[in-house]
Structures are given as structure tokens and as C-alpha cells.
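Colleague: Got a structure for you, written out below as C-alpha cells; questions coming shortly.
Values quoted throughout were computed directly from the atomic coordinates according to the rules given, and no laboratory measurement underlies them. Because the structure is a prediction, the values reported are computed rather than measured. In this analysis, Cβ positions are derived from the backbone assuming ideal geometry, glycine residues included, and neighbour counts consider all displayed protein chains.
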Amino acid sequence: MMLEIRNVKKNFDGHTVLDGIDLDVQKGDVTAILGPSGSGKTTFLRCLNFLERADSGTMVFDGERFDMHNAKKAEIARVRKKTAFVFQNYNLFLNKTALQNVTLGLTSGLGMKKEEAEERALKALEKVGMADRLKHYPNQLSGGQQQRVAIARALAMQPEIIYFDEPTSALDPELIGEVLSVMRELAEEGMTMLVVTHEMDFARNVSSQVLFMDGGKVIESGPSKEFFAAPKQERSREFIRAIREARE
Amino acid sequence: MDERLWGILTDSFPKMLEYGVKVTIPLTLLSFALAFVVALGVALIQYARVKVLRQICRFYIWITRGTPLLVQLYIVFYGLPKVGIMFDAFPAAVIVLGLNEAAYMAETIRGTLEGVSKGQLEAGLCVGMTWPKIMWHVVLPQAMRTAFPALSNSMIAMLKETSMAATITVMELFRQAQVINGRVYEPLALYLEAALIYLIFCTILTFLQHRGEKRLGSYGGTKA
């Protein structure tokens with residue numbers, strides 16, 4: 001097992017956001033985290049990268065055990081080195097070009113030489129189809145293009161797993177496809193991904209397992225095929241039905 | 001205009017201009033440099049929420065913004081020697097002007113730092129950058145770009161405030177006007193002339209500000 005997460009809990013001002021979340025991820029898994037708004041999906045994902053501190057919980061990453069509440073700076077740095085994060089609002093560095101957005105983490109975060117970083121960045125940008133926009137600033141790119149650069153930035157770090165936090169939720173409908181197709185390609189190449197999403201087609205067709213959350217709890221988890229073909233919990237059935245109806 | 005007055009004006013203009021260039025401008029630049037360094041430190045301490053130091057910064061801003069510049073000049077130049085702290089007039093003016101404007105500039109910079117989206121910091125953390133590196137490469141450049149027009153304003157304000165240094169015997173542009181006036185008594189003409197020279201200096205600064213803004217660009221968009 002690459003990643004074993006146990007009993008993650010988190011309160012915000014006395015309000016329980018995460019109430020004991022467990023998750024196992026194998027190398028190559030694409031995990032879709034589903035659930036209604038406010039179910040704690042994003043908070044859970046942010047806790048995994050210590051952007052948010054869980055109140056309690058443990059994470060075993062590549063055999064190394066981390067206390068999710070008390071992890072020290074060096075431990076956090078080790079986890080972040082193995083992971084990458086793609087944000088809902090892209091969060092590209094606004095004062096950097098597309099190319100610089102990808103190289104900055106390599107040179108400043110990993111201490112790589114500039115030429116080597118640029119070479120690697122170029123490959124990552126080619127992969128997401130953004131090699132012709134190297135000198136563009138985020139403000140000069142569409143949302144879909146920005147998100148693809150953000151994915152290139154994540155890829156270039158050569159992480160063991162990429163966390164995606166609703167990567168298409170801020171996009172205009174006509175731009176969602178280009179981002180999803182990049183993600184699908186990554187999945188097919190065996191990249192391990194953890195994706196908070198509302199894209200049911202993506203979850204159904206691309207993800208290998210589903211974690212369905214509501215009210216800070218895991219309602220149901222398991223292989224995607226089973227989840228969509230025969231959801232075990234009433235709450236899951238309702239959710240799938242509601243999403244389907246909303247789209248028709 | 002009679003010949004005498006014309007003679008006074010043509011005599012005094014180069015003298016005032018000379019003291020403007022030799023004293024007013026260096027006083028402005030030195031005070032601004034001091035103000036910038038202090039303001040950046042004070043702003044960063046507050047932005048990073050450093051304990052204790054942060055309270056000290058708030059206290060400093062409270063005192064500095066709450067008391068007049070002229071009074072501060074008098075306290076430092078005429079008052080402090082009573083307790084054995086003596087400055088020459090020029091350094092006293094640099095210190096007071098610098099520390100005074102720094103309080104305003106610190107608030108400007110703190111505001112623009114806090115205006116940089118928190119996502120920028122988070123994105124930096126996620127690619128393994130440390131806090132100081134994120135500040136240096138990402139947050140500060142964006143904040144400084146936004147702060148640039150306001151900081152230029154501070155410099156223009158400071159250029160004019162240097163005239164107050166005349167009250168603590170710094171021989172600068174305005175003091176020179178006063179001295180000449182003491183000899184020939186033509187206050188309207190001479191002080192208008194001094195005003196004109198300040199206006200020329202400020203116009204140059206404004207021009208440089210526009211040049212600077214263009215040069216800094218806006219990262220490819222209207223929104224920096």
C-alpha cells in the first residue's frame with residue numbers, strides 16, 4: 001500500500017468537518033472523492049498535504065508513518081516532496097510566465113539547475129499541450145490553459161501522487177474537456193491521483209475507486225464500477241440520482 | 001516687473017536650485033531609502049504575525065502617525081540633546097523624515113501583501129518552497145508592483161516635507177529662500193520661486209513614476 005490514511009478528524013469552530021476518514025491508495029490508483037458540497041472533501045485533501053492541520057489522524061506514506069496533527073516541519077517537507085497539488089483556482093504564480101511557473105518549484109523547491117529545470121518543465125508543458133505558451137503570463141491564458149499549466153507544474157515535480165481539488169469547478173463548461181482529457185491521459189499512464197470532483201463521467205470512466213463522503217464521514221468506498229453499478233448505501237444512490245437529474 | 005526684483009530672482013534661482021539639488025534631493029532619497037527598509041521590515045513582521053515584535057510595530061505606527069512631523073523634528077533635534085543624544089541637523093532630518101514616512105509606507109506595503117491571494121503561498125508550499133523563498137519570488141514582487149504607485153506618492157510627499165528640515169537649521173532649498181528673503185525682503189516673489197522649484201522636482205518624480213510603472217508592466221494583464 002502506498003498511502004494509508006486512518007481516522008482523520010477536523011473541527012472548525014466546534015463544527016465537525018471531518019469525522020474519522022479512512023482511505024487506502026495503491027500505486028496507480030485513481031481515487032475519486034465524491035460528495036455533496038460541504039461534505040469535507042476539500043478539507044480532507046488539504047489535510048493530506050498539511051495545507052490544513054487535522055486535529056488527529058495518521059498517514060502511512062511509503063511505509064513512513066506521520067502523525068497528521070503533530071507532523072514536524074521536516075516531515076511535512078518530506079510529504080510535500082512526494083506529492084503535488086492542483087487547486088480549484090489554479091493558483092499559478094501571477095508574476096511568472098507559464099514556463100517560470102513550472103521551473104520555480106524545481107529550482108527553488110528542489111534546488112535543480114536552471115537548464116535542467118527548463119528541460120523538464122518543457123516536457124511537462126508539452127505533455128499538457130501548452131508548449132506554445134511558454135512566455136505567457138497567467139492573466140493572458142484562459143482558465144483551461146491555466147489549469148493545464150498548473151498540472152504541468154505538478155507533473156514536473158515528479159510526485160508519487162497528485163492531489164486534485166475540484167480541478168474543473170472554476171472553469172467555463174467549454175473548457176472543462178481539455179483539462180479532463182489531460183487528466184485522463186495521466187491516469188492511463190499509471191499516475192496515482194486523488195481527485196475531489198463533481199465530474200461524474202470522469203469518476204465513472206477514469207477512476208478506479210471511489211470515496212463517497214457526506215457530513216464529514218465516509219458513506220461508501222470501493223471500486224468505481226461497483227459504486228456506480230450497484231451503490232450499497234441509500235445515501236449514495238440518492239447522490240448519484242440527484243447528479244443525474246441535475247444534468248438532464 | 002522692476003529691474004531690482006528681476007535681478008533678485010535671477011540671482012536667487014541658481015542658489016536655490018543648487019541647494020535643492022545638493023541637499024533637498026539627497027535628503028529625500030536618503031530618507032526614502034531608510035523609510036523603505038523600515039517599512040518593509042515592519043510590514044513583513046505584521047504579515048508574518050511575529051509575536052511581540054508585531055506589537056512593537058503597531059505601537060511605533062500608532063505613535064508616528066499620531067504626532068506631527070514638525071513636533072517629531074523638534075523632539076529629535078532640540079529635545080534629545082537634553083538626554084545626551086545629539087545629531088547633526090542633516091542626519092536628524094533623515095532619521096525623522098525616514099521613520100515618519102516609514103509608518104505610512106509600512107501600512108501601504110502590509111495592505112498590498114495581504115492583498116496577494118493566499119493561494120499563491122499555498123501553491124509555493126506545494127512545490128516544496130520555503131516561506132522566505134515564496135515571499136521573495138512570488139508574494140513580494142506582486143505586492144511591490146501593487147504598492148508602487150502609493151510608494152511613489154510617499155516619495156513625492158517626502159520631497160515636500162523636507163522643507164520642514166529648514167526649521168531645524170538644515171540648509172536646504174526652502175531655508176535658502178528664507179535666508180535670501182532675510183536680506184532683500186521679497187517674500188512673495190522668493191517663496192513663489194521656491195514653490196516653482198519644488199514643482200519642477202515633483203514633476204520629474206511623477207514622470208519617473210509613470211516610466212517605472214510602464215517598465216514594471218502588469219504581468220500581462222490589467223490586474224497585477
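Colleague: How far is helix B:187-216 tilted, in degrees, relative to the longest principal axis of the Cα atoms in chain B, given as a value from 0 to 90 rounded to the nearest 10?
Modeller: Rounded to the nearest ten degrees, it is 20.
Colleague: Follow-up question, since we're still on this one. Taking beta carbons within 10 Å but only from partner chains, what does the mean come to for residues A:93-101? Display every interim value, and only then the final one.
Modeller: Working: counts 12, 14, 16, 5, 2, 0, 0, 1, 3.
What the average comes to for A:93-101 is 6.
Colleague: How large is Rg/Rh for segment B:115-194, to two decimals, with Cα atoms and a Kirkwood Rh?
Modeller: Values: Rg = 23.1 Å, Rh = 16.4 Å.
That ratio equals 1.41.
Colleague: Output the pairs from B:K15/B:K82; A:K96/B:K133; A:K73/A:K96 with a Cα-Cα distance over 25 Å in this structure; if there are none, say none.
Modeller: On the way: B:K15/B:K82 35 Å; A:K96/B:K133 14 Å; A:K73/A:K96 27 Å.
In this structure, B:K15/B:K82; A:K73/A:K96 lie more than 25 Å apart at Cα.
Colleague: What are the chymotrypsin sites (Phe, Trp or Tyr not before Pro) within segment B:148-224 that DSSP puts in a loop, where the Cβ has at most 12 other Cβ atoms within 10 Å? List each step's numbers first, then the result.
Modeller: Working: sites: B:F174, B:Y185, B:Y191, B:Y198, B:F201, B:F207, B:Y219; in loops: B:Y185, B:Y219.
Answer in residue order: B:Y185.
Colleague: Sticking with this one: Which of the trypsin sites (Lys or Arg not before Pro) found in segment B:1-76 are in a DSSP loop and have at most 13 neighbouring Cβ atoms, other than their own, within 10 Å? It would help to have the intermediate numbers written out before the result.
Modeller: Numbers: sites: B:R4, B:K15, B:K22, B:R49, B:K51, B:R54, B:R58, B:R65; in loops: B:R49, B:K51.
Sparse-neighbourhood loop trypsin sites (Lys or Arg not before Pro): B:R49, B:K51.
Colleague: Tell me the volume per residue, in Å³, of the convex hull enclosing the alpha carbons of segment A:3-247.
Modeller: 128 Å³
Colleague: Compute the acute angle (0 to 90°) between the alpha-carbon long axis of helix B:173-184 and the principal axis of greatest extent of the alpha-carbon atoms of chain B; round to the nearest 10°.
Modeller: For helix B:173-184, the angle is close to 10 degrees.
Colleague: Also: Among the listed pairs B:K118/B:K160; A:K72/A:K123; A:K72/A:K113, give every one whose C-alpha distance is greater than 31 Å.
Modeller: Numbers: B:K118/B:K160 37 Å; A:K72/A:K123 34 Å; A:K72/A:K113 28 Å.
Cα-Cα > 31 Å for B:K118/B:K160; A:K72/A:K123; rest within.
Colleague: Rank these for me by crowding, A:R6, A:R153, going from fewest to most other beta carbons within 10 Å. Display every interim value, and only then the final one.
Modeller: Details: A:R6 15, A:R153 31.
Going from least to most buried by this count: A:R6, A:R153.
Colleague: Normalise the Cα radius of gyration of segment A:103-147 by 2.2 N^0.38 Å (N = residues in it) and let me know the number.
Modeller: Numbers: Rg = 11.2 Å, N = 45, 2.2 N^0.38 = 9.3 Å.
Working it through for segment A:103-147, the quotient is 1.20.
Colleague: Let me ask another. Compute the helix-to-body angle for A:234-247: its Cα long axis versus the longest principal axis of chain A, expressed 0 to 90° and rounded to tens.
Modeller: Helix A:234-247 sits roughly 50 degrees off the main axis of chain A.
Colleague: If you don't mind, there's one more thing I want to ask. If you build the convex hull over the alpha carbons only and average its shadow over all orientations, what do you get for chain B? Give it in nm² to one decimal.
Modeller: Values: hull surface 62.6 nm².
With the hull built on Cα positions only, its mean projection is 15.6 nm².
Colleague: Let me ask something else about it. Which whole-number value in Å³ per residue fits the convex hull of the alpha carbons of the protein assembly as shown?
Modeller: Working: hull volume 93.6 nm³, N = 472.
That works out to 198 Å³ per residue.
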